[in-house]
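Structure first, commentary second.
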Amino acid sequence: MMSPINPAPAPSRRDPIAMLATTLAQWGEQGDLWLFGYASLIWRPDFPFTERRSARVLGWHRALKMWSRINRGTPECPGLVFALLAGGSCHGLAFRVKQAQVHATLALLWEREMPSAVYDPRFLRCNTPQGDVTALTFTLSRKSPSFTGTLSPKQYHQIFSAARGRYGTTLDYAQQTYDSLLQHGIHDKKLEALLISCEKSLK
């Protein structure tokens with residue numbers, strides 16, 4: 001099945017191993033590692049953690065504007081996943097990983113989140129009720145070929161109706177993220193409006 005919206009070409013491949021090494025060097029074996037989750041890491045962390053906190057990052061926001069050609073789509077019919085884009089703020093969860101488990105945890109996360117190394121791993125300050133922490137998270141540059149730019153409601157509807165990857169459909173991913181956010185007291189009004197609109201169009 002061909003993509004219904006003619007997305008941008010696939011990005012040139014960066015080296016995920018080198019990016020992992022850089023991230024580990026930035027962490028520097030300095031105690032436990034915090035990870036900030038804003039989408040699927042909230043409802044499917046798949047790594048051991050010793051503490052979980054409600055958290056807010058300033059200067060970045062959650063957006064369903066990153067092409068997915070593996071996890072939620074294919075090269076022929078790309079889907080979408082969330083990314084952190086510069087601007088605004090984002091509520092999510094911060095997870096604390098014990099120092100002894102950091103290498104194994106990041107290896108698993110890189111296999112899941114960075115198969116094509118399209119994210120920019122970044123350490124950001126997170127506000128939590130127990131105090132600020134610095135957490136690793138996955139951001140996206142608007143200059144990246146994986147950034148969708150502005151999508152119309154019709155384009156979102158087409159993607160939700162067609163895109164499927166190794167972890168399932170884009171629609172299921174968006175719905176699971178929305179449901180999980182609500183369970184943690186986080187109301188993403190833009191995502192809610194998008195899901196309502198797409199639900200009506202798919203009936």
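For segment 54-203, give the magnitude of the charge dipole about the Cα centre (Cβ charges: +1 Lys/Arg, -1 Asp/Glu; no others), in debye to the nearest 20.
Numbers: 19 positive and 10 negative charges, 44 e Å.
Rounded to the nearest 20 debye, it is 220 debye.
Summarising the label geometry, the points placed 7 Å from Cα in the beta-carbon direction at Lys200 and Gln101 lie 4.4 nm from one another. Bridging of Lys143 to lysines at a Cα separation below 24 Å is possible for Lys65, Lys154, Lys190, once same-chain residues fewer than 8 apart are set aside.
Just the number, please: carbon plus sulfur as a percent of the accessible area of segment 121-175, 1.4 Å probe, no ligands or DNA/RNA counted. Intermediate results must be reported in sequence, preceding the final value.
Values: 1290 of 2740 Å².
So the carbon and sulfur contribution to the accessible surface is 47 percent.
Here segment 46-89 has 51 percent of its accessible surface on carbon and sulfur atoms, given a 1.4 Å probe and all protein chains in place.
Whole number in Å², please: accessible area per residue of segment 105-203, 1.4 Å probe, ligands, DNA and RNA not counted.
Details: 5090 Å² over 99 residues.
I get 51 Å² per residue for segment 105-203.
At the listed q of 0.13, 0.16 Å⁻¹, the Debye profile of segment 98-196, built from one uniform point per Cα, gives log10 I(q)/I(0) equal to -0.68, -1.04.
The values are calculated or read from the model by the stated rules, or taken from the named source; none is laboratory data. Not measured: the values here are computed from a predicted model. FYI the Cβ positions are ideal-geometry reconstructions off the backbone, even for glycines, and counts take in every protein chain you see. Surface areas here come from the heavy atoms of the whole protein model, side chains and all, with no ligands, DNA or RNA. Shrake-Rupley method; radii C 1.70, N 1.55, O 1.52, S 1.80 Å.
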